[in-house]
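Notes to accompany the following structure.
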Amino acid sequence: MSASTRNSDQNAPLSTILAGLEAAGEVTRLRLLALLSEAEITVTELIHILGQSQPRISRHLKLLVESGLVERHREGAWAFFNLAQSGPSAQLARDILQRIAPFDPQLVADRQRLAEVRQNRADSAARYFAEIAADWDRLRSLHVPEEEVEAAILDLVGDMPLQAVLDVGTGTGRMLQLLSPHADRVVGVDLSPAMLSVARAEVERSRLRNVQLRQGDIYALPVERDSYDLVLVHQVLHYLDDPQRALREAARALAPGGRLVVVDFAPHKLEFLREKHAHRRLGFSRDEINEMLAQMRLETVDGRDLAANKRDSDKLTVSLWVARDPRVVTDLVPSTLELA
């Protein structure tokens, strides 16, 4: 991003600044901004923290969302709110919060009640994960250690700073934890509210301030188009009826020049994964994924196979692909190439 682009993201019309200042200029809304800078929070949780009625909390949130200081994301029957992550109003919100004494007694009390909410979330996530732990551990034991896979992902991603990362089918949110130190903003999308609860507990436990979670269909991702310089599809495709459609949707989120990283199993014959764990595909060949990527006009630029030791012939091979969006955008002439 050029210096002029960064400046334009922070500058705003007078009307935008005035709307933001007016929205923030009330004690409850200032408290809300401070809380939402710490975590994504539901209305019900905010009622508990602030000790105010649902209509009052909702009215304050509506004003903050309309001003652009706060973002709202739907997750099933719930809606989560958090401090805006981008744009001039987001910068204004951060500027306002930097002016507030962090040890103000009211804010300290709010953070203490937020800690109770976080603990309740963690307990709920732990109960759910305990129910699936046996199957989860068995699946993990079928392939090379997770640490080896994660090291390969980081190696393929490289050292270049990332502005925006999207994790498609985020599950427990492990990839969010892995990539958040390397990016300005990381978004995880998953359809399962239960999995998102686990991911949210992990994100909060790790104090990851640059991570957002959204519930959404992998075939209709609730994210901005042409906006992410890295999109990760990690161990997701083998669950899907139409993996190519999912890859096409993920590719649409790529910014010009962005990279798509796919991680999945190589072809195998472990039928029990289909019968007991809802795997619809028993792995993918390198040529098969390459062909899908080529049909989306993406250039495959790297990849590798992580096989278990030869003596562990019954274990799965984990394959990784890296493809690049060939579009190029200059400061003067943005490309308009559309993905098929």
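Does any residue of the stretch 44-58 turn out to be touching a Gly at 6+ places or on another chain (Cβ under 8 Å), at pLDDT below 95 and buried (at least 18 other Cβ atoms within 10 Å of the Cβ)?
Among the residues of the stretch 44-58, not one is touching a Gly at 6+ places or on another chain (Cβ under 8 Å), at pLDDT below 95 and buried (at least 18 other Cβ atoms within 10 Å of the Cβ), which makes the answer no.
Can you give me the number of residues within the stretch 150-173 that are touching a His at 6+ places or on another chain (Cβ under 9 Å), part of a helix (DSSP H, G or I) and surrounded by 17 or more Cβ atoms within 10 Å (Cβ to Cβ)?
2
Can you confirm whether Ser180 is of a type outside the set (A, V, I, L, M, F, W, C), buried (at least 19 other Cβ atoms within 10 Å of the Cβ), outside any strand (DSSP E or B) and free of Cβ contacts under 8 Å to residues at least 60 places away in the same chain?
yes
Can you tell me how many residues within the stretch 269-311 are of a type outside the set (Phe, Trp, Tyr), in a loop (DSSP other than H, G, I, E, B) and at pLDDT 90 or above?
5
The values are calculated or read from the model by the stated rules, or taken from the named source; none is laboratory data. Since this is a predicted model, take the numbers as computed values, not measurements. Neighbour counts are summed over all protein chains in view; Cβ atoms, including those assigned to glycine, are modelled from backbone coordinates with ideal geometry.
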